[in-house]
Amino acid sequence: MNEMLSESFKPAVQGLTNPGPSPALMKNVTCIEDLRLAARRRVPRAFFGYAEAGSYSEQTLRANRSDLERIRLRQRVLVNIANRDTSTTILGETAALPIALAPIGIGGLQWANGEILACRAAQAAGIPYTLATLSICSIEDVAAAIEKPFWFQLYVMKDRGFARSMVERAIAAKCSALVLTVDLQVPGQRHIDIKNGLSVPPSLKLKNLLDMTTKPGWVCRVLAGKHWSFGNLRGYLKGEQSIKAIGEWVGHQFDPTLNWDDVEWIRSIWPGKLIIKGILDVEDAKLAAQAGAAAIVVSNHGGRQLDGAPSAISMLPRITEAVGSQIEVLFDGGVRSGQDVMRALALGAKGCLLGRAYVYGLGAGGQRGVATAIEIIRKELSTTMALTGIRRIAEIDRRVLVE
Ligand SMILES: Cc1cc2nc3c(=O)[nH]c(=O)nc-3n(C[C@H](O)[C@H](O)[C@H](O)COP(=O)(O)O)c2cc1C
């Protein structure tokens with residue numbers, strides 16, 4: 001364990017003085033879609049495709065968006081909506097907005113040191129950031145580079161020793177919540193990742209090399225960043241430690257036996273707040289509440305797991321109705337605007353996790369890109385509150401919807 005920590009604490013954060021393109025370059029970005037298009041230009045095809053795609057035929061990915069867009073907001077007028085306040089609490093802590101950044105695997109391959117930069121942008125905006133187990137920067141890299149606690153997302157893999165060590169490292173890094181992701185016992189297939197030859201570290205096949213020559217900024221930054229593989233695994237695997245071996249280890253470690261007893265085990269070794277992420281069913285939500293979770297995230301992994309599952313937003317109302325009085329219900333899946341945040345809150349969510357909305361910002365412009373994504377959503381939410389006659393987040397409920 002100590003060996004692993006000292007290995008991981010080695011400097012990993014070159015290039016951090018450059019938070020991204022100049023403010024002028026980000027000036028013409030007015031919505032998340034602009035960030036998506038900029039990310040598509042700047043990030044190699046394999047990693048942009050990884051961020052963008054859903055599993056199989058992408059029905060659930062599409063449903064996440066289309067079901068959100070179908071929800072109509074109720075226009076109200078002649079309400080004094082001066083001095084609006086977008087702040088709220090998430091898990092008892094004040095947050096400037098009812099949003100947090102979702103865990104995102106290999107964020108450091110969207111932009112060098114992407115996890116540290118995204119965490120900084122989130123903390124500067126006053127919202128929680130979640131570091132993924134399968135990040136490029138390790139938990140210690142991030143803890144050493146930022147000032148406030150962040151959330152840590154855990155995959156419980158076949159090697160329970162790894163899960164235990166990650167929990168110990170999250171405690172040592174003073175993480176303020178553990179986000180246990182439970183909807184990935186087996187990985188769903190994203191066709192595009194296979195076609196693009198996605199791999200960690202990046203595959204150097206001719207096709208990928210040719211593509212990288214069109215993204216010189218990315219190549220320079222990622223090469224300067226020095227890390228191209230899973231940071232939390234650095235130093236963990238004894239003996240076989242080549243980057244390729246680490247990638248293969250991860251590929252075989254998702255655990256089909258995972259069950260509620262494992263959640264109990266995690267509860268016994270993690271003393272802090274537990275968030276169970278990947279709940280899409282009322283029965284599972286009730287079990288999560290019984291298991292002692294402080295919160296759940298209603299989520300279908302952004303349409304990346306069970307294709308054919310309902311959209312996350314369509315399941316949110318019945319889940320909040322069933323457990324909303326016992327635990328906090330967070331939501332993700334398809335949130336691309338402040339209007340979407342309003343829709344989810346109206347249906348009972350305490351807050352939303354941003355996934356692709358911020359990943360596009362990261363690929364488009366590093367820390368500035370993530371800050372821009374958050375600021376776009378803040379402004380949209382504030383305007384949407386005004387036009388629906390709402391001054392405080394706590395006032396948002398079904399009355400802001402046209403049922
Ligand atoms: C590129 C990418 C990587 C992701 N990696 C993880 C991960 O490592 N762990 C996890 O719990 N969820 C992961 N997710 C799911 C997100 O945390 C979140 O549930 C999802 O992105 C929400 O949908 P949205 O992207 O439409 O907002 C990932 C999602 C994307 C897009």
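The values are calculated or read from the model by the stated rules, or taken from the named source; none is laboratory data. Keep in mind it's a predicted model, so treat the numbers as computed, not measured. Note that we place each Cβ from the backbone using ideal geometry, even for glycine, and neighbour counts take in every protein chain shown. These accessible areas exclude ligands, DNA and RNA; they are computed on the full protein's heavy atoms, side chains included. Shrake-Rupley method; radii C 1.70, N 1.55, O 1.52, S 1.80 Å.
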Ordering 41-53, 215-227, 73-85 by per-residue average of other C-beta atoms within 10 angstrom, highest first, gives 41-53, 215-227, 73-85
Determine the distance separating the Cα centre of region 233-306 from the Cα centre of region 75-141; give it in Å without decimals.
-> 21 Å
Find how much the distance from Thr89 to Gln290 grows on full extension, using 0.36 nm per residue of separation minus their present alpha carbon separation; answer in nm with one decimal.
-> 70.1 nm
In the structure shown, of Lys148/Lys226; Lys226/Lys277; Lys195/Lys379; Lys205/Lys226; Lys27/Lys195, the pairs separated by more than 29 angstrom at the C-alpha atoms are Lys226/Lys277; Lys195/Lys379; Lys27/Lys195
FRET efficiency estimate (nearest 0.05) - Cβ-Cβ, Leu206 to Arg399, R0 60 angstrom | 0.55
Taking the Cα centre of region 263-403 as origin and charging only Cβ (+1 Lys, Arg; -1 Asp, Glu), how large is the dipole, in debye to the nearest 20?
-> 460 debye
Over the alpha carbons of the chain, what is the largest minus smallest coordinate on each principal axis, giving the biggest first in Å?
-> 66, 51, 41
Residue order for Thr372, Thr60 - accessible surface, 1.4 angstrom probe, largest first | Thr372, Thr60
Using a Gaussian network model of the chain with C-alpha springs under 10 Å, which one of Ile374, Ile71, Ile104 is most mobile by mean-square fluctuation?
-> Ile71
Pick out, from Gly92, Ala144, Gln59, the residue whose Cα sits farthest towards the positive end of the charge dipole of region 47-159, with +1 on the Cβ of Lys and Arg and -1 on the Cβ of Asp and Glu.
-> Gln59
Which of the peptides 338-345, 389-396, 352-359 is most tightly packed, and how do the rest follow, going by the mean number of other Cβ atoms within 10 Å of each residue?
-> 352-359, 338-345, 389-396
Full-extension gain in nm, Leu223 to Lys379, via 0.36 nm per residue minus C-alpha separation | 52.7 nm
One can check that the equivalent ellipsoid of region 276-319, built from the alpha-carbon gyration tensor with semi-axes equal to the square roots of five times its eigenvalues, has lengths in Å, largest first, of 18, 11, 8
Only helices counted: for the chain, with every DSSP H run of 4 or more residues adding -39500 (n - 2.57) and the sum spread over all residues, [θ] at 222 nm is -13500 deg cm²/dmol
For region 60-112, what class follows from the C-alpha gyration tensor (a ≥ b ≥ c being the square roots of its eigenvalues): rounded when a/c is under 1.5, otherwise prolate if a/b is larger than b/c, else oblate?
-> oblate
State to the nearest 20 debye the size of the charge dipole of the chain about its Cα centre, where the only charges are +1 on K and R beta carbons and -1 on D and E beta carbons.
-> 1240 debye
Efficiency of FRET between Lys27 and Ser268 - r from beta-carbon atoms, R0 60 angstrom, step 0.05 | 0.75
Hits in region 198-220: amide N under 20 Å from the 7 Å Cα→Cβ extension of Leu37, namely 215
Using r as the Cβ-Cβ distance of Glu248 and Val77, and R0 as 45 Å, what FRET efficiency do you calculate, to the nearest 0.05?
-> 0.15
Put Ser314, Ser55 in order of accessible area, largest first, 1.4 Å probe: what do you get?
-> Ser314, Ser55
Over all distinct alpha-carbon pairs, what is the Kirkwood Rh of region 213-353 in angstrom?
-> 17.8 Å
Could you tell me whether region 33-139 comes out rounded, prolate or oblate from its Cα gyration tensor? Rule is a ≥ b ≥ c as square roots of the eigenvalues, rounded for a/c under 1.5, then prolate if a/b exceeds b/c, otherwise oblate.
-> oblate
